[in-house]
1. Could you order peptides 49-61, 22-34 by the average number of other Cβ atoms within 10 Å of their residues, highest first?
2. Does the range 126-204 come out rounded, prolate or oblate, given a ≥ b ≥ c as the square roots of the eigenvalues of its C-alpha gyration tensor, rounded meaning a/c under 1.5 and, failing that, prolate meaning a/b above b/c?
3. Using θ = phi - 60° and the Karplus relation 6.51 cos²θ - 1.76 cosθ + 1.60, list the HN-Hα couplings for the range 172-185 in order, rounded to whole Hz, with x at every Gly or Pro.
4. In terms of modelled amide H atoms, which long-range or inter-chain residues lie less than 5 Å from the amide H of Tyr181?
5. Arranged by the count of other C-beta atoms within 10 angstrom, fewest first, what order do Ser156, Ser171 take?
6. For the range 57-65, what does the Karplus curve 6.51 cos²θ - 1.76 cosθ + 1.60, with θ = phi - 60°, yield as ³J(HN,Hα) per residue in whole Hz, taken in order and with x for Gly and Pro?
7. Relative to the present Cα-Cα distance, how much length would full extension add between Phe145 and Met114 at 0.36 nm per residue of separation?
8. Report the label-to-label distance for Val9 and Ser171 in nanometres (one decimal), using points 7 Å from each Cα along the Cα→Cβ vector.
Amino acid sequence: MGELLGAAVGFPGVVFSSALLVVVAFWLLVLLGGLDADGFDGDVDLGALGLGGVPVTVAASLVIVVGWLTGVTGSVLAGRAALGGFAHIAADAVVLLLSLAVAWCAARALVRPMAKLFPDEPGPSRQDFVGALCTIRTGRVDAEFGQAEVAARDGSTAIVQVRQYGSDALSGGSTGLLYAYDDTGEFFWVAAHDAELGSAPLDRAPRIRRP
C-alpha cells in the first residue's frame, strides 16, 4: 500500500493524481447540480485529437483516469528496478510519455462506442413542425380550439394544438399546413392544404396578428 501511495504522490504519478482530484471534484459537482457535464463543449474541441463525439469533460476524464492508472503502475515498476541517478530520471520521463500515449489511445478507443450515447443532432423542437402537413383530429378548428396529428422526421407522431384565423373547412380527417408557432399560447397556426395543387395555399393562409 505504501508503495502505491508513494507512486501516486511522486513524479510522474503526481501529475495524474492532481488531475484526478480535479476530475472527481468536477463530477461530484455535476451530480449535485452545480455544474453541467457539457459546459465546456463550446470552448474546447477535441475532435482533432480523435476524441470528438462525446462531451469534452467525458473525453478528458477518460484520458486522466487511464493516464493515472498507467502512470502509477509504471512508477511502481520503475521503483522496483531500483534505478538511480540519470537512469531514474529517464525512467520517470519514459513512464510519463508512455502514460500519456496509452491514455490517449485508450480514450480514443472508448469514445467511439460512447459517441452513440451523445448524438450531435439537437433534440426535437416544436419549431421543427413548422411547414409540415398535419391531419386534423377534432371536429372543428377555430381561433380558440383545435388539435391535429403531425409526423416528425423520425417517423413518430404527435398531437399538437392548432388554431386558425380564417374560416377554412378544417374538420376531422382533413389536411392542414402548420405555418407558424405561437410561443405564448403554445399552439400552431394552421391553414387548409390544397391537395389538388400538391401544396398549401400560403398566399391565402391567414396572417398572424401583431399587437
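Where a number appears in this text, it was derived from the coordinates with a stated rule and is not lab data. Everything quoted here is computed from the prediction, not taken from an experiment. Every residue, glycine as well, gets a Cβ built from its backbone with ideal geometry; the counts of neighbours run over all protein chains shown.
1. Working: 49-61: 19.6, 22-34: 12.4.
Taking the mean over residues of other Cβ atoms within 10 Å, the ranking is 49-61, 22-34.
2. Values: a/c = 1.31, a/b = 1.07, b/c = 1.22.
Cα axes put the range 126-204 in the rounded bin.
3. x, x, 7, 9, x, 10, 7, 9, 6, 10, 9, 5, 5, x
4. Placed amide hydrogens put Trp189 under 5 Å from Tyr181.
5. Numbers: Ser156 9, Ser171 13.
In increasing order of surrounding Cβ atoms, one gets Ser156, Ser171.
6. My calculation for the range 57-65 gives 5, 5, 4, 5, 5, 4, 4, 5, 5 Hz in order.
7. Numbers: separation 31, 0.36 × 31 = 11.16 nm, distance 4.47 nm.
Length difference between fully extended and current span is 6.7 nm.
8. Using points 7 Å along Cα→Cβ, the separation is 8.4 nm.
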